[in-house]
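A short write-up of the structure that comes next.
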């Protein structure tokens, strides 16, 4: 997480790549970052062997090509900030050619590579600058790595993206203060976050959200007794980090 943060803080981005279940889990983790943390869709990206269609319908043959792994990585805009983008190659088996091709290309470009697999000593582990290898052992259904390996992979990806977002200042304590209020459930959540952070009554939290337009702005308004304009200026000066805008 430290190594990824160092690069993302300078303008880099985080990419996940994989095939089958591994690819789907990477796409899932990446797709949850914008609504949860208010970041752009470009910051964390996931792609899968066989393209988006493989999210629903298996495209098992696509994982056998190193060349396709390299091509897909570059086609998704990897290394637009030279040397700063990070690739996490995900392969439960530790030997998927598609992922190895992407890792090799990223390494050639001078970018940080992370190999996430579930087999110690695998080609994926050896190909990456940093190896994360939860050794999950044999599956209940032999070879069905969507089970134990898939669960372990999901946990690791949760830790990577959550740790990155914490270090970037997109949370306050354990509150998702950058949440996007795109439906009724999320508006309710936002109001509860504001009430928890500021200690105001739910009704006042709802008022602050309406007046401030975002959770972070509303919290600064409530805790520092500021207008919307003053709160937004404080957040800009703090680089969008709520804790700094609150003087903590």
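The values are calculated or read from the model by the stated rules, or taken from the named source; none is laboratory data. Quick caveat: nothing in here was measured; it's all calculated off a predicted structure. FYI the Cβ positions are ideal-geometry reconstructions off the backbone, even for glycines, and counts take in every protein chain you see.
Values for this structure:
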{"item": "Qualifying positions in the range 196-216 - crowded, with 20+ Cβ neighbours inside 10 Å and not in a helix (DSSP H, G or I)", "result": "214"}
{"item": "Unique match (being out of contact with any strand residue (DSSP E or B) (no Cβ under 6 Å at 6 or more places or on another chain), within 30 Å of residue 113 (Cβ to Cβ) and in a loop (DSSP other than H, G, I, E, B)) among 150, 169", "result": "169"}
{"item": "Identity of the residue in the range 130-150, surrounded by fewer than 15 Cβ atoms within 10 Å (Cβ to Cβ) and free of Cβ contacts under 8 Å to residues at least 60 places away in the same chain, that ends up farthest from residue 72 (Cα to Cα)", "result": "140"}
{"item": "Sole residue being in contact (Cβ under 8 Å) with a residue 40 or more places away in the chain, over 19 Å from residue 40 (Cβ atoms), assigned to a helix (DSSP H, G or I) and not assigned by TED's automatic domain parsing to the domain that holds residue 43, chosen from 219, 193", "result": "219"}
{"item": "Residue check for residue 147: over 20 Å from residue 2 (Cα atoms), in the same structural domain as residue 95 (by TED's automatic domain parsing) and out of contact with any helix residue (DSSP H, G or I) (no Cβ under 6 Å at 6 or more places or on another chain)", "result": "yes"}
{"item": "Top-ranked residue of the range 113-129 - restricted to ones that are touching a residue at least 12 places away in the same chain (Cβ under 8 Å) and in a helix (DSSP H, G or I), ranked as farthest from residue 93 (Cα to Cα)", "result": "127"}
{"item": "All positions within the range 172-190 that are outside any helix (DSSP H, G or I) and touching a residue at least 60 places away in the same chain (Cβ under 8 Å)", "result": "172, 176, 177, 178, 179, 180, 182"}
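Residue-wise test of (1) out of contact with any helix residue (DSSP H, G or I) (no Cβ under 8 Å at 6 or more places or on another chain); (2) assigned by TED's automatic domain parsing to the domain that holds residue 133; (3) more than 20 Å from residue 108 (Cβ to Cβ).
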position	(1), (2), (3)
13	yes, yes, no
18	no, yes, no
22	no, yes, yes
39	no, yes, yes
46	no, yes, yes
61	yes, yes, yes
66	no, yes, no
